[in-house]
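Engineer: Can you keep this structure in mind? I'll have questions shortly.
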Amino acid sequence: MQRIQARLEYATRRWWFFLLIALIGSIIPPYVSKGYDWSDRGSILGTIFSQAIIDSLEPFYAIFRIIPIVLIICIILLHNRVTRVFSIYVGITYVLFAIVQSIAITEEYGLAILTGNVVMFLIIAGFWMWEAKVRKNEFISIKRPVWRYWVVPLAFLAFWYPLNPDTMKPDLNPLYLLTSSAGLTFCMMTPVYLAILTLHYPKVNIATMRVTGLVGVIIASYNMWLNFFLEPSLLWWNGVLHIPLLCISGYSLGLCLKRRPREGMQGTGEMDKLSSEPSKWGA
């Protein structure tokens, strides 16, 4: 497992891995059972987002609000005793994001799947399930500079998601902490998961944090373009609520590209070589 972890940390730092993930998100076409041509792509994406499976799951929203709150409390109180449970839950939610946010049954196109997002979310889910096995995350009490807590209010804003779904305008109703769909969305839960990892960095699974942050930056960039440039009059507040995804994902990705002590990677000549080889990020 140590050898595999070392290889994952090595591979996810390469420029070609970044390019591969970006291409998955931008080039893989959506699937629709009734067929389409490329000129319909924008319409298909809008239809999937507006009619995704998540809209039919309102009775379950509260479950996926309460569980993260309980897990965060457990991390604060129980530390490492909940790392595996936390990682499994996060992995499961990324599988759910791939299904409920990226698949729709529509009249116009039949079964419609945002294939690129499904692939990226499942890749993240795989890394979190791997983390549940290797348990590189260490949720221990450490002294942190106060400035590192800047992620907390942004993660809270994303988790709260104070947006009126009918008007798409600000709505600071505290009940949204339990009743909104945010617990089943990639864009609102990823800042929460990454905030937890950044607060425990460098005692975290770097490969898992890196892949999650990379996809977060990609998805956030799409949302910035949509909310602030394509539909600003209607979606500007939704854009504001995606700023935590962009900022925390970018921050976590930056942390993961920094050099750090080679903790736990000694033991084989191959792992030492992988750890000490210069980064080819700019090559």
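The values are calculated or read from the model by the stated rules, or taken from the named source; none is laboratory data. As the structure is a computational prediction, the values presented were derived from the model and not from experiment. Backbone-built Cβ (ideal geometry, glycine too); neighbour counts: all protein chains shown.
Every residue, every condition in (1) loosely packed, with under 14 Cβ neighbours inside 10 Å; (2) modelled with pLDDT of 95 or more; (3) closer than 30 Å to Ile4 by Cα, yes or no:
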residue: Trp236; (1), (2), (3): no, yes, no
residue: Val240; (1), (2), (3): no, yes, no
residue: Ile243; (1), (2), (3): no, yes, no
residue: Cys247; (1), (2), (3): no, yes, yes
residue: Met265; (1), (2), (3): no, no, yes
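Engineer: Checking the structure you have, find out if any residue of region 162-175 is in a helix (DSSP H, G or I), in contact with a helix residue (DSSP H, G or I) (Cβ under 9 Å, 6 or more places away or on another chain) and buried (at least 18 other Cβ atoms within 10 Å of the Cβ). Quick ask: steps written out before the conclusion?
Structural biologist: So in region 162-175, the residues in a helix (DSSP H, G or I) come out as none.
Scanning region 162-175 turns up no residue that is in a helix (DSSP H, G or I), in contact with a helix residue (DSSP H, G or I) (Cβ under 9 Å, 6 or more places away or on another chain) and buried (at least 18 other Cβ atoms within 10 Å of the Cβ).
Yes/no matrix, rows are residues, columns are (1) part of a helix (DSSP H, G or I); (2) under 20 Å from the mean Cα position of the chain (by Cα); (3) under 30 Å from Glu138 (Cα atoms):
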{"residue": "Val70", "(1), (2), (3)": "yes, yes, yes"}
{"residue": "Leu77", "(1), (2), (3)": "yes, no, yes"}
{"residue": "Val90", "(1), (2), (3)": "yes, yes, yes"}
{"residue": "Ile105", "(1), (2), (3)": "no, no, no"}
{"residue": "Ala112", "(1), (2), (3)": "no, no, no"}
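Engineer: Further, regarding this structure: Looking at Asn137 and the list (1) assigned to a helix (DSSP H, G or I); (2) within 19 Å of the chain's Cα centre (by Cα), which single condition is not satisfied?
Structural biologist: Only one criterion in (1) assigned to a helix (DSSP H, G or I); (2) within 19 Å of the chain's Cα centre (by Cα) is unmet by Asn137, namely (1).
Engineer: Still on this structure, please answer the following. Could you tell me whether Leu184 is crowded, with 18+ Cβ neighbours inside 10 Å, under 25 Å from Ile124 (Cβ atoms) and either at pLDDT 95 or above or of a type outside the set (Asp, Glu) (or both)? Can you show your working first?
Structural biologist: Details: crowded, with 18+ Cβ neighbours inside 10 Å: yes; under 25 Å from Ile124 (Cβ atoms): yes; either at pLDDT 95 or above or of a type outside the set (Asp, Glu) (or both): yes.
Against the criterion (crowded, with 18+ Cβ neighbours inside 10 Å, under 25 Å from Ile124 (Cβ atoms) and either at pLDDT 95 or above or of a type outside the set (Asp, Glu) (or both)), Leu184 qualifies.
Engineer: Any idea which residue in region 16-54 is surrounded by the fewest Cβ atoms within 10 Å (Cβ to Cβ), counting only those that are part of a helix (DSSP H, G or I) and charged (D, E, K, R)? Can you show your working first?
Structural biologist: Of the residues in region 16-54, the ones part of a helix (DSSP H, G or I) are 16-27, 38-50, 53-54.
With the extra rule that they be charged (D, E, K, R), the set shrinks to 40-41.
Working: Asp40: 15, Arg41: 12.
Residue satisfying both the conditions and the ranking: Arg41.
Engineer: Working only within region 9-37, note down all residues that are closer than 27 Å to Glu107 by Cβ and of a type in the set (Phe, Trp, Tyr).
Structural biologist: Tyr31, Tyr36
Engineer: For Glu131, are the conditions met, namely being in contact with a helix residue (DSSP H, G or I) (Cβ under 9 Å, 6 or more places away or on another chain), assigned to a helix (DSSP H, G or I), within 23 Å of Ile67 (Cβ to Cβ) and among the acidic types (Asp, Glu)? Give the steps one after another, and end with the answer.
Structural biologist: Working: in contact with a helix residue (DSSP H, G or I) (Cβ under 9 Å, 6 or more places away or on another chain): yes; assigned to a helix (DSSP H, G or I): yes; within 23 Å of Ile67 (Cβ to Cβ): yes; among the acidic types (Asp, Glu): yes.
When the stated conditions are applied, Glu131 passes them.
Engineer: Here is a list: Leu194, Leu226. Which entry is of a type outside the set (Phe, Trp, Tyr), surrounded by 15 or more Cβ atoms within 10 Å (Cβ to Cβ), at pLDDT 95 or above and part of a helix (DSSP H, G or I)? Outline the logic, then answer.
Structural biologist: Working: Leu226 fails: at pLDDT 95 or above.
Going through Leu194, Leu226 in turn, the sole match is Leu194.
Engineer: Go over the candidates Leu114, Leu122 one by one and state the one that is buried (at least 20 other Cβ atoms within 10 Å of the Cβ) and touching a residue at least 12 places away in the same chain (Cβ under 8 Å). Talk me through it step by step, then tell me what you get.
Structural biologist: Values: Leu122 fails: buried (at least 20 other Cβ atoms within 10 Å of the Cβ).
Sole residue among the options that is buried (at least 20 other Cβ atoms within 10 Å of the Cβ) and touching a residue at least 12 places away in the same chain (Cβ under 8 Å): Leu114.
Engineer: Can you name the number of the only condition in (1) assigned to a strand (DSSP E or B); (2) in contact with a helix residue (DSSP H, G or I) (Cβ under 9 Å, 6 or more places away or on another chain) that Phe97 fails?
Structural biologist: In the conditions (1) assigned to a strand (DSSP E or B); (2) in contact with a helix residue (DSSP H, G or I) (Cβ under 9 Å, 6 or more places away or on another chain), Phe97 misses (1) alone.
Engineer: Can you go through Val100, Val95, Val90 and tell me which one is in contact with a strand residue (DSSP E or B) (Cβ under 9 Å, 6 or more places away or on another chain) and modelled with pLDDT of 95 or more? Please lay out each step first, then the result.
Structural biologist: Numbers: Val95 fails: in contact with a strand residue (DSSP E or B) (Cβ under 9 Å, 6 or more places away or on another chain); Val90 fails: in contact with a strand residue (DSSP E or B) (Cβ under 9 Å, 6 or more places away or on another chain).
Testing whether each residue is in contact with a strand residue (DSSP E or B) (Cβ under 9 Å, 6 or more places away or on another chain) and modelled with pLDDT of 95 or more leaves just Val100.
Engineer: Do we find that Thr83 is in contact with a Lys or Arg (Cβ under 7 Å, 6 or more places away or on another chain), surrounded by 18 or more Cβ atoms within 10 Å (Cβ to Cβ) and either touching a residue at least 40 places away in the same chain (Cβ under 8 Å) or not in a loop (DSSP other than H, G, I, E, B) (or both) in this structure?
Structural biologist: On the way: in contact with a Lys or Arg (Cβ under 7 Å, 6 or more places away or on another chain): yes; surrounded by 18 or more Cβ atoms within 10 Å (Cβ to Cβ): yes; either touching a residue at least 40 places away in the same chain (Cβ under 8 Å) or not in a loop (DSSP other than H, G, I, E, B) (or both): yes.
Here the answer is yes, as Thr83 does meet what is asked.
Engineer: Inspect region 178-191 for any residue being aliphatic (A, V, I, L, M), more than 23 Å from Asp166 (Cβ to Cβ) and in a helix (DSSP H, G or I) and give the result as yes or no.
Structural biologist: No, because not a single residue in region 178-191 is aliphatic (A, V, I, L, M), more than 23 Å from Asp166 (Cβ to Cβ) and in a helix (DSSP H, G or I).
Engineer: Condition first: assigned to a loop (DSSP other than H, G, I, E, B) and of a type in the set (Gly, Ala, Ser). Now tell me which residues in region 144-161 satisfy that.
Structural biologist: So the first thing to find is which residues in region 144-161 are assigned to a loop (DSSP other than H, G, I, E, B), and the list is 144-145, 161.
The answer is none; no residue qualifies.
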